[in-house]
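To start, the structure under review is shown below, and the notes come after it.
The values are calculated or read from the model by the stated rules, or taken from the named source; none is laboratory data. As the structure is a computational prediction, the values presented were derived from the model and not from experiment. In this analysis, Cβ positions are derived from the backbone assuming ideal geometry, glycine residues included, and neighbour counts consider all displayed protein chains. SASA here: full protein model, heavy atoms, side chains in, ligands and nucleic acids out. Shrake-Rupley method; radii C 1.70, N 1.55, O 1.52, S 1.80 Å.
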Amino acid sequence: MDHGDPMQDQEARLRAVADAQPDFAGHLGARLLESTPEKVVFEMTVTQALANRNGVLHGGAIMGLADNAGGTATFLNLAEGRSTTTIESKTNFLRPIRIGDTARAVCEPLHRGRTTQVWQTRVTRGDGKLAAIVTQTQLVINWTE
């Protein structure tokens with residue numbers, strides 16, 4: 001009896017977890033480009049709807065993109081039945097990202113523990129220059145209704 005390839009089963013599970021993005025990610029226009037337990041990458045086009053009054057990507061949109069990346073990364077490192085929520089986030093804004101440009105968020109782990117995970121997301125502009133660094137702490141929880 002064939003029980004399937006455990007590696008393929010795990011890869012399929014991780015793909016399903018990464019692909020199950022919240023509606024909020026779609027609202028932002030966040031596109032998942034890469035998802036592994038070691039790195040998550042999203043891109044987002046800067047639109048008028050996401051801009052502040054200066055014609056650049058709103059800080060809240062940057063934070064939302066990074067938070068979504070960190071949450072996705074954490075989910076890729078959780079045991080089945082576990083969930084996560086952000087308990088702390090710090091953002092350093094370094095450069096603006098103008099309307100029409102693309103924000104790229106690359107999220108990598110700083111710590112992956114049993115009760116918390118800490119992620120750093122580097123947000124760059126289309127020219128590759130660093131626009132923001134977000135460090136967030138995710139609490140690992142056993143979610144019950």
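I'd like the orientation of helix 6-19 relative to the chain: the angle between its Cα long axis and the longest Cα principal axis, in ° from 0 to 90, rounded to 10.
For helix 6-19, the angle is close to 30 degrees.
Under 13 Å from the Cβ of D101, count the other residues' Cβ atoms, weight Lys and Arg +1, Asp and Glu -1, and hand me the total. List each step's numbers first, then the result.
Working: positive: R95, R98, R104, R125, K129; negative: E43, D127.
Within the 13 Å Cβ shell, the charges total +3.
Not counting ligands, DNA or RNA, and with a 1.4 Å probe, what is F24's accessible surface area in Å² rounded to the nearest 10?
Surface accessible to solvent at F24 totals approximately 110 Å².
May I ask you to give the percent of accessible area on the chain that is carbon plus sulfur, with a probe radius of 1.4 Å?
Looking at the chain in its full context, I get 50 percent from C and S.
Could you point to the label whose value was computed as Rg and Dmax of the Cα atoms in Å for the structure here, given [x] 16.0, 63; [y] 31.9, 92; [z] 26.4, 79?
Checked against the structure: label [x].
What is the sum of charges around S35, taking Lys and Arg as +1, Asp and Glu as -1, for the other residues whose C-beta is under 11 Å from the C-beta of S35?
-2
Per residue, how large is the accessible surface of the stretch 63-125? Use a 1.4 angstrom probe and give square angstrom.
In whole numbers, the stretch 63-125 has 51 Å² accessible per residue.
Once you keep just the Cα pairs under 8 angstrom separated by 6 or more residues, what percentage relative contact order results for the chain?
Reported as a whole number, the value is 23 percent.
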